[in-house]
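Structure below; questions to follow.
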Amino acid sequence: MKRIPQFCILAALALLAASCGGNSTLDDTEAAVVLTVDVTLYNPEIDICGAAGVDVTIAEMTVISNPKAPGTVLGTNNDVNITRWVITPSRSDGGTTASPEWVVDQGIFVPADGETELENWRVYPAEYFLELPLSNLLPENGGFDPETGHNNIRQTLRLQMFGRTVSGKAVSTVPVNIAFNFFCVSP
């Protein structure tokens, strides 16, 4: 009879040890791949008055697919079709009001254990220049941010892409933060 409680304690300890191992943020998706985004060229200075009607874009970026487990050979079932981008702004200048989140459906194909280069992809719509807090920078609204007293607003756009592998497994990119400085140079 004494062996049953000892066996239960031993089994519980083994279960606890197994549940603590192997935890990683890379394990957050079902897929055998991890996707990263490398922004290589962009203009962080955005004149919302001079660029009226022009979306914010990234000149050059690369979406890279790597195996989640090093040394794994990936087949075409691990190719990824990205279908949605989510851009979440946050203030980096001490202000509290950030621009609205932008969700856009855009299709991109990323081969397993490969990469896809993107040029001039939009990451934020120009119509959001007319919404708070960026609209405060327009001359007709005073030309400055009332929260900071500055004539510019610094925001970080957190970009994350979502999709599925060819085999149907959900996958998302590791989020990447891209810093921008918004201002208005009156014509």
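Bear in mind these aren't lab numbers, they're just calculated from the coordinates by the rules spelled out. Keep in mind the model is a prediction, meaning the values are calculated, not measured. When we count neighbours, we look across all protein chains shown, and the Cβ atoms used for this are built from the backbone with ideal geometry, even at glycine.
Show me the trypsin sites (Lys or Arg not before Pro) within segment 115-172 that DSSP assigns to loop and that have at most 12 other Cβ atoms within 10 Å of their Cβ.
Passing both the DSSP loop test and the Cβ count: no residue.
Can you work out ³J(HN,Hα) from phi for every residue in segment 166-171, in order, using Karplus 6.51 cos²θ - 1.76 cosθ + 1.60 and θ = phi - 60°, giving whole Hz and x for Gly and Pro?
Residue by residue, segment 166-171 yields 4, 7, x, 7, 5, 8 Hz.
Another question, then. In debye to the nearest 20, how big a dipole does segment 63-175 give about its Cα centre with +1 on each Lys and Arg Cβ and -1 on each Asp and Glu Cβ?
440 debye
What is the spin-label model distance, in nm, from VAL174 to SER90 if the labels are put 7 Å beyond Cα along the C-beta direction?
Label-label distance for VAL174 and SER90, simple model: 1.7 nm.
Right, another one. In whole Hz and in residue order, list the ³J(HN,Hα) couplings for segment 99-115 that follow from phi through the Karplus curve 6.51 cos²θ - 1.76 cosθ + 1.60, θ = phi - 60°; x for Gly and Pro.
5, x, 5, 10, 10, 9, 8, 9, x, 9, 9, 10, x, 4, 6, x, 8
Between SER167 and VAL104, what is the FRET efficiency for a Förster distance of 30 Å, r being their Cβ-Cβ separation, to the nearest 0.05?
0.75
Can I ask one more? Quick one: Debye curve from the C-alpha atoms of segment 54-117, no solvent, what's log10 I(q)/I(0) at q = 0.21, 0.29 Å⁻¹?
Per q value, in the given order, log10 I(q)/I(0) is -0.95, -1.26.
Ok, one more. May I ask for the net charge around TRP102, where only other residues with Cβ less than 12 Å from the Cβ of TRP102 are counted and Lys, Arg are +1 while Asp, Glu are -1?
Spelling it out: positives minus negatives among the neighbours equals -2.
Another question about this same structure. Could you check the spin-label model distance between PHE144 and THR72? Points 7 Å from the Cα along Cα→Cβ, value in nm.
Each label point lies 7 Å from its Cα, and together they span 5.4 nm.
When the Karplus curve 6.51 cos²θ - 1.76 cosθ + 1.60 is applied with θ = phi - 60°, which whole-Hz ³J(HN,Hα) does each residue of segment 61-69 get, with x for Gly and Pro?
Residue by residue, segment 61-69 yields 8, 10, 9, 10, 10, 9, x, 5, 9 Hz.
At GLU117 and THR97, where each label point lies 7 Å from the Cα along Cα→Cβ, what is the point-to-point distance in nanometres?
4.2 nm
Rg to Rh for segment 25-183: what is it, with Cα atoms only and Rh by Kirkwood?
So for segment 25-183, dividing Rg by the Kirkwood Rh gives 1.06.
Still on this structure, I have one more. For every other residue with a beta carbon closer than 9 angstrom to the beta carbon of THR62, add +1 if it is Lys or Arg and -1 if Asp or Glu, then tell me the sum.
Taking every other residue near THR62 into account, the sum is -4.
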